[in-house]
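So the structure is just underneath, and the comments pick up after that.
The values are calculated or read from the model by the stated rules, or taken from the named source; none is laboratory data. Computed from a predicted model, the values in this text were never measured in an experiment. Don't worry about glycine lacking a Cβ; one is built from the backbone with ideal geometry, like all the others, and counts go over all protein chains shown.
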């Protein structure tokens, strides 16, 4: 139970999320990877709030804000995926090249 | 080491192993439904880690919002876009995977050296507040009041935005042609065809 362990854990989760974000081809899986990234940041915030700021827990307040934003992001992201699925009839990230120059 | 510390250590190791394995499952499973369920396992083990870090309110919020809302939303999205398609294989895709894995590992090494070399001034002398809910509520209504109110507006905007983005364009008001004596009951709204984007 020390701070470094939690920070390393969050770093590992963040790197797994980055890997999934870049390599996955299914658009829904990309959103899941974004959720992993946000959760890694949340672990960092709560660990700092416990170990460095135990009296007035500012990190936990930030974590609640991050959870709120993550919920909003998931809703809008899934709506975007749904509407682009209706347009292109696929969820393959390689075929979403509307903005490709 | 007394009993409480032992239980703490064992549950910490169990939760971390479970979290990392489930996160790898989210990224590496071929079937997207398995990924969604392992994502739920990640969220639950993170909630357990929050309890170990004396954050009971955040842990409850994590289970309620992530497992109860976000994960279910993702499952619904998987059902709505459920098209069993085999993605076209791309040439030289393994180069991308290997280079991404290399970059991720390098990033992890960078973060790990940063974490291990920094001199954290850990201060465990002060006891945590008796009720974290009370402290968080005090923060929300004193020094974090403006972000708290802005978050409510943002949630409203996300709600309206999600409805507008995901809504189908239906044609309302056009009568269907009556053939025979009884008009066939229309069970679904006619949908305006979207012009495909080139």
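Against the conditions (1) buried (at least 18 other Cβ atoms within 10 Å of the Cβ); (2) in contact (Cβ under 8 Å) with a residue 40 or more places away in the chain; (3) more than 30 Å from residue A:4 (Cα to Cα), residue A:82 satisfies every one except (2).
Taking region B:19-102 and the helices (runs of 4 or more DSSP H) fully enclosed by it, no element has 3 or more residues that are surrounded by fewer than 21 Cβ atoms within 10 Å (Cβ to Cβ), more than 17 Å from the chain's Cα centre (by Cα) and more than 9 Å from chain A (Cβ to nearest Cβ).
Within region A:55-101, the set of residues being in contact with a strand residue (DSSP E or B) (Cβ under 9 Å, 6 or more places away or on another chain) and either at the interface with chain B (Cβ under 7 Å from one of its Cβ atoms) or more than 30 Å from residue A:45 (Cβ to Cβ) (or both) comprises A:91, A:92. When restricted to residues that are part of a helix (DSSP H, G or I) and within 16 Å of residue A:78 (Cα to Cα), region A:1-37 contains 11. Within region B:114-142, residues that are in contact (Cβ under 8 Å) with a residue 40 or more places away in the chain and at the interface with chain A (Cβ under 9 Å from one of its Cβ atoms) sit with their Cβ atoms under 8 Å from residues that are part of a loop (DSSP other than H, G, I, E, B) and surrounded by 10 or more Cβ atoms within 10 Å (Cβ to Cβ), at 6+ positions apart or across chains, in these pairs: B:128/A:54; B:128/A:55; B:128/A:57; B:128/B:54; B:132/A:57; B:132/B:54; B:132/B:55; B:136/A:57. Every condition in (1) on the phi < 0 side of the Ramachandran plot; (2) facing chain B (nearest Cβ under 8 Å); (3) surrounded by fewer than 21 Cβ atoms within 10 Å (Cβ to Cβ) holds for residue A:29 except the one numbered (3). Just one of the listed residues (A:38, A:7, A:13, A:31) is in contact (Cβ under 8 Å) with a residue 24 or more places away in the chain and over 28 Å from residue B:75 (Cβ atoms), namely A:7.
Using beta carbons and a limit of 7 Å, which pairs, at least six apart or on different chains, have the first residue in region B:3-24 and under 19 Å from residue B:105 (Cβ atoms) and the second one surrounded by fewer than 17 Cβ atoms within 10 Å (Cβ to Cβ) and modelled with pLDDT under 95? Short answer, once both residue conditions are applied: none.
Residue count for region B:1-18 satisfying the condition of being within 27 Å of residue A:64 (Cβ to Cβ) and either at the interface with chain A (Cβ under 9 Å from one of its Cβ atoms) or crowded, with 19+ Cβ neighbours inside 10 Å (or both): 4. Looking only at residues in region A:38-56 that are part of a loop (DSSP other than H, G, I, E, B) and in contact with a helix residue (DSSP H, G or I) (Cβ under 7 Å, 6 or more places away or on another chain), which one is surrounded by the most Cβ atoms within 10 Å (Cβ to Cβ)? Filtering first and then ranking leaves A:56.
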